Every structure is written in C-alpha cells, then in structure tokens.
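The block underneath contains the structure these notes are about, expressed in structure tokens.
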Amino acid sequence: MRLLKKVWRFLKNPIYQQYSYPKKLRWKVFKNLLCLDLLLAITLAILTRLLLAIFDIEIGNNRLTKIEELYSPLMFVFIIVVFAPILEELLFRWPLVFLKKSSYFSMALYASIFFFGIAHIINYENFQKNLWISLLLVLPQSIGGVFLSFIRVRMGIVYSILFHATFNGILTIPSVFLKSLKSLIS
C-alpha cells in the first residue's frame, strides 16, 4: 500500500527524479507494481466486460485478433512482447527526459499517460459507436501508463520497457500457447 501511495504522490506532483534504488529494492518495487498493474487491469477488464453484457453493447473484435491471424504465434508474441513495448515506451515516455527540468514536465507526463491510453482505443473496431464504454476499455492501459511513467522517471527507460514487455508477456504468452496447443490437438 505504501508503494501505491508513492505512485499517487508522484501523480499529484510529478517531478523528474531518478532514484538509485539498491538492486534488491528496485526489483521489489518493479515486481510489486507489476502485480498491482495486472490485478487492476484484470479486474477492470472483467468489470467492463460485465457492463458490456449488462447493457448489451457490441464493441466488435479486438484488432489484435487480426494481427494474431496474420502472423505465426512466435511472430505475434514478438510483436506484442518486444516490438510494441519498445516502440510505445520510446514514443510515449522517452521524450519526458527532454522536459525533466521544464515547468511543463507535469503537463507532458499527464499528456503521455492520456495519449498512451487513447492510443489503445483503436484496438476496438466499433469504438466510435460507444465512445464512453471505449474509454472504460482503455482505463487499464491508462492506469498502466501511470505505473510505466513512475518507473520511467524513477528507474529509467530500460525498466519501463522491461515492465511493459513483462506485462504484455504475462497476458499474451499463455493465451498464444493454449491456442497453439489447441490447434496441434485438433
């Protein structure tokens, strides 16, 4: 809970300050934030899916399904677990270093979190029809953007890429493995 309070304080008053965590503490912070992010993302996804079912809202397929169909399982995992985290972290969080001493740093940080979340809205085919629910669908990515920003500022870009890749891997690899196993059995 203390860590969540630190993230909250950071979000309320973002200051670019890298910490020199001892190695053991760095990985503990990394692991705990990852667990929190996964817990929040899965909980929000379940709640959103319940809302979709209750209100009988059709959002269409997730565009990741199309990417998965186009590529081999190994290439799909590479895109989601390696390529996307590197690209997104370099696009959304790496530029923060250029504003670290600027009075605009907090605005840039909030913008990076907002645009990171909004960028994921296009993953849903019919997001324009039900924009309010689409915003709920990307709430997990927005919260993830907060954690990624905290890690980026406190630990560096390499750790935010690693965090992002680990998060995506935990959510992607089991699903791809089970689908591959199912197709082998069929």
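The values are calculated or read from the model by the stated rules, or taken from the named source; none is laboratory data. Note that this is a predicted model, so its numbers are computed, not measured. FYI the Cβ positions are ideal-geometry reconstructions off the backbone, even for glycines, and counts take in every protein chain you see. Keep in mind that these areas ignore ligands, DNA and RNA; they rest on the heavy atoms of the full protein, side chains included. Shrake-Rupley method; radii C 1.70, N 1.55, O 1.52, S 1.80 Å.
Is it the case that E89 is over 30 Å from I15 (Cα atoms) and charged (D, E, K, R)?
So E89 does not fit the description; no.
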Note on the stretch 1-33: residues more than 22 Å from the chain's Cα centre (by Cα) and in a helix (DSSP H, G or I) are K23, K24, L25
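Quick check, is F127 in a helix (DSSP H, G or I), aromatic (F, W, Y), in contact (Cβ under 8 Å) with a residue 12 or more places away in the chain and surrounded by 14 or more Cβ atoms within 10 Å (Cβ to Cβ)? It would help to see each step written out before you state the result.
Details: in a helix (DSSP H, G or I): no; aromatic (F, W, Y): yes; in contact (Cβ under 8 Å) with a residue 12 or more places away in the chain: yes; surrounded by 14 or more Cβ atoms within 10 Å (Cβ to Cβ): yes.
No, not satisfied.
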In the set R49, R2, R9, the lone residue that is under 22 Å from F114 (Cβ atoms), without any contact (Cβ under 8 Å) to a residue 24 or more places away in the chain and among the basic types (K, R) is R9
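If only one of F114, F76 is open to solvent by less than 60 Å² (accessible area, probe 1.4 Å) and either of a type outside the set (V, I, T) or closer than 30 Å to K6 by Cβ (or both), which one is it? It would help to see each step written out before you state the result.
Working: F114 fails: open to solvent by less than 60 Å² (accessible area, probe 1.4 Å).
Only one candidate passes the filter, namely F76.
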Of the listed residues (S149, S134, S160, S142), the one being in contact with a Gly (Cβ under 8 Å, 6 or more places away or on another chain) and touching a residue at least 24 places away in the same chain (Cβ under 8 Å) is S142
Scanning the stretch 34-63 residue by residue, those modelled with pLDDT of 95 or more and either outside any helix (DSSP H, G or I) or farther than 22 Å from S160 by Cβ (or both) turn out to be T43
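For the stretch 153-176, enumerate the residues that are farther than 12 Å from L33 by Cβ and either under 14 Å from the mean Cα position of the chain (by Cα) or not in a helix (DSSP H, G or I) (or both).
The answer is G156, I161, A165, N168, G169, I170, L171, T172.
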| query | Taking S106, is it more than 16 Å from the chain's Cα centre (by Cα), assigned to a helix (DSSP H, G or I), of a type outside the set (A, V, I, L, M, F, W, C) and surrounded by 13 or more Cβ atoms within 10 Å (Cβ to Cβ)? | reply | yes
The residue from L131, L181 that alone is out of contact with any Ser or Thr (no Cβ under 6 Å at 6 or more places or on another chain) and more than 18 Å from N61 (Cβ to Cβ) is L181
How many residues of the stretch 64-96 are among the aromatic types (F, W, Y) and either in contact (Cβ under 8 Å) with a residue 40 or more places away in the chain or not in a helix (DSSP H, G or I) (or both)? The answer is 4
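Consider the stretch 150-186. How many of its residues are among the β-branched types (V, I, T), open to solvent by less than 30 Å² (accessible area, probe 1.4 Å) and closer than 18 Å to S112 by Cβ?
Filtering the stretch 150-186 down to residues among the β-branched types (V, I, T) leaves 151, 153, 157-158, 161, 166, 170, 172-173, 176, 185.
Within this subset, residues satisfying the condition of being open to solvent by less than 30 Å² (accessible area, probe 1.4 Å) are 151, 153, 172, 176.
Next, only the ones that are closer than 18 Å to S112 by Cβ stay: 151, 153.
Of the residues in the stretch 150-186, 2 are among the β-branched types (V, I, T), open to solvent by less than 30 Å² (accessible area, probe 1.4 Å) and closer than 18 Å to S112 by Cβ.
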If we keep only residues of the stretch 132-149 that are more than 23 Å from R26 (Cα to Cα) and in contact with a Leu (Cβ under 6 Å, 6 or more places away or on another chain), then the residue surrounded by the most Cβ atoms within 10 Å (Cβ to Cβ) is P140
